Amino acid sequence: MTLGDQGFDTGFDTGFDTGAIISTRDLRKSFTTKGGEVEAVRGVSIDVARGEIFGFLGPNGAGKTTTLRMLTTLLPIGGGTATVAGVDVARRPQEVRKRIGYVSQLGGADDLATGRENLILQGRLYGGERSTVTRRAELLMEILDLTEFADRRVRTYSGGQRRRLDVALGIVHEPEVLFLDEPSTGLDPQNRANLWEHVRNLRSHGTTIFLTTHYLEEADALCDRIMIMDHGRIVVEGTPRELKQQVEGDSVILSLHEVDGALERATTALGLEPHVRKMTSDGFDLRLYVEDGSVALPALLRTLDAVEVAIRSVSLSEPTLDDVFLARTGRSLRDAGAGRQEVRA
Amino acid sequence: MKGLRDIALLFQRYTLQMLRNPVWLFVGFSTPVLYLALFTPLLKNLSHAPGFPSGSVIEVFLPGILSLLAFASGSSMGFSTIFELQSGVIERFRVTPASRFAILIGPILSGLTMMMVFDAVVVAIAVGFGFRVHFVGLLVLALLLALLATLMAAFSTATALLTKDISSFAAIINGINLPILLLAGVLLPISLGPLWMRVLAHFNPLYYLVQASRSLASGSLATAAVWQAFAVLVPMCALVLWWATRVFRKAVA
């Protein structure tokens, strides 16, 4: 694939000496709702290096989308500063728009137009000449495996095809940064893996990718660096590997036989165990955090045996990003967002 | 110029979308035809009633239909805005460097063009019912219809962007439309009504269009009704377009 210069005017050069292609300081946003003032983003400072896949992880309502919408000029910045591709977002949104691509959760392709028509219009809105844009559309459809459907109306596309077209629409003008808002929501695992492949491919050709997700697997598998957000604040930042290393030890998951009193007896006894640092329960499933699973496990089993609690299954797991979130916030990422909606203006 | 190019591109896009939607085309054509076919016969015996303007029924009624079409096609614009808001199309355009005014006016101009085609069809049918065509008068009328339709379309689009969901948008637009329609003398001349209605009507932009349309359709260009319509509609249209562009730039989230 060649994403070479195809004649798009990206405006003037501003110099990117800092190395960060996205940089925010104390970014804030609040909304006035019926219930009063809601602070959706409360002082977010990020530096994203050129050429990385940067993931913004967090439960629904954490403020990920709001942050993304400020960076993409869709929402006025509430407070603090943001620079994208060397341009101040608040002062010169029009210059930012020329340099970025954005794929929203909704996509937004025209159903009644063909994939090709969508791409050509999009390229032309970015100022590309018809002949240039036509060639570019051809190339993008090839790269994203859409050539076969190029002249079909988008209405007939499958979920995966549609998402790939959305991505193509986001990069038709060869942006320096591509913003993806929950890119794999609604995709089956196969299409998700396929999309990740395309995203990595884009990165390998120099595009910086900034994505939001609430899928741990996505953040883990795809992102070079992630930031976990909760209640409008940054909880933690680093490579997925670094973050998981911060959570010391392993976790042991014990599924108890569902007998009255078993849970109480087990938690009381295990609570006295020196190996157990922390314990959470979900029904009759107990999750115990221990320093070294292989050492602790025999002792834990003996303890349960002593209080006559039978177990159905035992498993040992290394830390996940969910554990990172749990360790920092005391809640599980999988449950944290349930029943809440992302705040939008 | 970049702005003009953006307008042309978004005009083309919207027109293509409409042409590919056969249901919409069918409704667009059938509405005015139904008015003509099902309402004109009812008016036949009314033309001798006191207060009814001079001229044949079709000559009084057709300009009203054209005004009504302009009003309706303009104020329904917001429904497609809501749809495009919810399907992410508007957000996609707002992230591009395309001119905000172009994003607003492209679809409006496309809607106007299609309205003119429907109007031409209605006039052609009305000729079959005995309508006499005053060519210059109709051209000037086309201008006034375009002004009102643009005014309403910009208002409707901005309202849609601010309300964001179909039910509150529909409630607001219907709430506004009904009094405007009733106080405009579209279907029956307002001159048939009591004094308070005639006074109230003077605060209604559609009323001026309907008055001017009757004058223009009968071929009288230099009447008070015609210049009053321009004097009301031109500044109102400019004001609403300015406001709607501002909404596009800022209030959309």
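What the table shows:
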{"read-out": "Inter-chain shielding of A:114-122 (mean C-beta neighbours from other protein chains, 10 Å cut-off)", "value": "2"}
{"read-out": "DSSP H segments from chain A that extend 18 Å or more along their own axis, Cα-based, with Kyte-Doolittle mean of 0.5 or above", "value": "A:293-306"}
{"read-out": "Virtual spin-label span in nm between B:Ile176 and B:Met197, 7 Å along Cα→Cβ", "value": "2.4"}
{"read-out": "Calculated FRET value between B:Gln12 and A:Glu318, using beta carbons and R₀ = 35 Å, to 0.05", "value": "0.05"}
{"read-out": "Distant alpha-carbon pairs in the protein assembly as shown (separation over 46 angstrom), percent", "value": "34"}
{"read-out": "Dipole of chain B, positive end: most advanced residue of B:Ala70, B:Ala217, B:Gly3 [Cβ charges, Cα centre]", "value": "B:Gly3"}
{"read-out": "Order of A:Thr32, B:Thr159, A:Thr24, A:Thr156 under a 10 Å beta carbon neighbour criterion, fewest first", "value": "A:Thr32, A:Thr156, B:Thr159, A:Thr24"}
{"read-out": "Relative packing of peptides B:183-196, B:73-86 - highest average C-beta neighbours within 10 Å first", "value": "B:73-86, B:183-196"}
{"read-out": "Gaussian network model of chain A, Cα within-10 Å springs - most flexible of A:Gly160, A:Gly261, A:Gly115", "value": "A:Gly261"}
{"read-out": "Theoretical FRET efficiency, 1/(1+(r/R0)^6), r = Cβ-Cβ of A:Asn201 and A:Lys244, R0 30 Å, to 0.05", "value": "0.70"}
{"read-out": "The protein assembly as shown - share of DSSP beta bridges that are antiparallel (%, nearest 5)", "value": "70"}
{"read-out": "Ascending count of other beta-carbon atoms within 10 Å, so fewest first, for A:Asp285, A:Asp151", "value": "A:Asp151, A:Asp285"}
{"read-out": "GNM top mover of A:Asn60, A:Asn194, A:Asn118 - chain A, alpha-carbon springs below 10 Å", "value": "A:Asn194"}
{"read-out": "Cα-based shape type of the range B:67-214, given that a ≥ b ≥ c are square roots of the gyration tensor eigenvalues and the cut on a/c is 1.5", "value": "oblate"}
{"read-out": "Listed residue pairs exceeding 24 Å between alpha carbons, taken from A:Lys98/B:Lys250; A:Lys64/B:Lys2; A:Lys29/B:Lys2; A:Lys34/A:Lys98", "value": "A:Lys64/B:Lys2; A:Lys29/B:Lys2; A:Lys34/A:Lys98"}
{"read-out": "Estimated inter-spin distance, B:Ala231 and A:Ala90, nm [label 7 Å along Cα→Cβ]", "value": "4.7"}
{"read-out": "Highest-first arrangement of A:250-257, A:316-323, A:274-281, where packing means the average Cβ count within 10 Å", "value": "A:250-257, A:316-323, A:274-281"}
{"read-out": "Estimated D of chain B in µm² per second, where Rh is the Kirkwood radius over Cα pairs and Stokes-Einstein applies at 25 °C, 0.890 mPa s", "value": "130"}
{"read-out": "Inter-site label distance for B:Thr113 and A:Val307 at 7 Å from Cα along Cβ, in nm", "value": "7.7"}
{"read-out": "Three-way shape label, the range B:158-243, alpha-carbon gyration tensor, a/c 1.5", "value": "oblate"}
{"read-out": "Model label zone, B:Arg20; criterion: amide N under 13 Å from point 7 Å along Cα-to-beta-carbon; scope the range A:104-141", "value": "A:109-122"}
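Values in this text are rule-based calculations from the coordinates and carry no lab data. This structure is a prediction, so every number in the text was calculated from the model and none was measured. Because the Cβ atoms are built from the backbone with ideal geometry, glycine has one as well, and the counts that use them run over all protein chains shown.
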